[in-house]
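Notes follow once the structure below has been shown.
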Amino acid sequence: MRLLLLAPPGAGKGTQGERLAARYSVRHIAAGDLLRAEAQAEGRLGREIAAHQARGDLVPDQVVLDVLTPVVVEAAARGGYILDGFPRTLTQATAAAELAARLGVTLQAAVYLYAPDEVLTRRLLDRASQGGRTDDRADVIRHRLDVFAATTGPLVPYYKERGILVAVDADQPPESVTADIEAALSGLSLPRP
Ligand code: ADP
């Protein structure tokens, strides 16, 4: 199983990524978590990643590719992955597709989770009030949603053109979202869990 979750902040990529990874027994690769771990490292690269994440800007493509590529290659060799938050730009998508084609492990589905901005903002502010992340702040949230619309949004038609896009309404309880994803995937000819 090789699947990508494409979703704005607050749509539940992390939650669904964990659930799907457990269900299909593959690795959940959360780009934001891997980059946050890199940001803890001493030195210039860590500081650069941390600064981008704090502002809600995307980390530069080359940095993301350097961090994510080895993880994706290893997971592909072990049976697959649920990609959560990578690729997130057309440049990353093109690089990932070239690598996957070279390794013979192209993506089987791109699941687009959508919900209204008000719902996404409310969820992120709730998470912040429970001691969440430092980028869960009203102004940074607004910026992350704008960055998604401008930069990651174009990946929706990109994967649609490639015939692997499934769109799922994320404004529902987590179990219902998972059920809808599984129903949508069963319509594609994918390996069963
Ligand atoms: P969210 O989707 O809620 O913003 P993530 O943990 O997925 O949460 O991402 C948090 C931050 O990590 C982003 O705002 C961005 O700075 C960085 N990031 C994550 N994935 C990528 C990516 N593929 N490309 C560039 N930056 C990324």
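Things worth noting here:
- Hits in the stretch 79-115 (condition: within 14 Å of the ligand (Cβ to nearest atom) and among the acidic types (Asp, Glu)): Asp84
- First in the stretch 11-23 and touching a residue at least 60 places away in the same chain (Cβ under 8 Å) and within 15 Å of the ligand (Cβ to nearest atom), second anywhere and open to solvent by 30 Å² or more (accessible area, probe 1.4 Å) and in a helix (DSSP H, G or I), Cβ under 9 Å, 6 or more apart: Ala11/Arg123; Gly12/Arg123; Gly12/Pro174; Gly14/Asp33; Thr15/Pro174; Gln16/Pro174
- Any chance Val71 is under 16 Å from Ala110 (Cβ atoms), open to solvent by less than 30 Å² (accessible area, probe 1.4 Å) and either of a type in the set (A, V, I, L, M) or away from the ligand (no atom under 11 Å from the Cβ) (or both): no
- Condition met for Leu124 (under 18 Å from the mean Cα position of the chain (by Cα), within 14 Å of the ligand (Cβ to nearest atom), among the hydrophobic types (A, V, I, L, M, F, W, C) and not in a loop (DSSP other than H, G, I, E, B)): yes
- Restricting attention to the stretch 17-26, the residues that are within 13 Å of the chain's Cα centre (by Cα) and open to solvent by 20 Å² or more (accessible area, probe 1.4 Å) total 1.
- Scanning the stretch 24-35 for residues that are near the ligand (Cβ under 8 Å from one of its atoms) and in contact (Cβ under 8 Å) with a residue 60 or more places away in the chain yields a count of 0.
- Neighbours by Cβ (under 8 Å, 6+ apart or cross-chain): first from the stretch 110-130, within 14 Å of Leu6 (Cα to Cα) and open to solvent by 80 Å² or more (accessible area, probe 1.4 Å); second within 13 Å of the ligand (Cβ to nearest atom) and assigned to a helix (DSSP H, G or I): none
- Residue check for Val166: away from the ligand (no atom under 16 Å from the Cβ) and in contact (Cβ under 8 Å) with a residue 12 or more places away in the chain: yes
- Checking Val147 against (1) in a helix (DSSP H, G or I); (2) farther than 16 Å from Gln53 by Cβ; (3) at pLDDT 95 or above, the condition it does not meet: (2)
- Arg144 meets the stated requirement of being within 9 Å of the ligand (Cβ to nearest atom), within 16 Å of Ala31 (Cα to Cα) and crowded, with 18+ Cβ neighbours inside 10 Å.
The values are calculated or read from the model by the stated rules, or taken from the named source; none is laboratory data. Note that the structure is predicted; figures quoted are calculated from it, not measured. Neighbour counts run over all protein chains shown; Cβ positions are idealised from the backbone, glycine included. These accessible areas exclude ligands, DNA and RNA; they are computed on the full protein's heavy atoms, side chains included. Shrake-Rupley method; radii C 1.70, N 1.55, O 1.52, S 1.80 Å.
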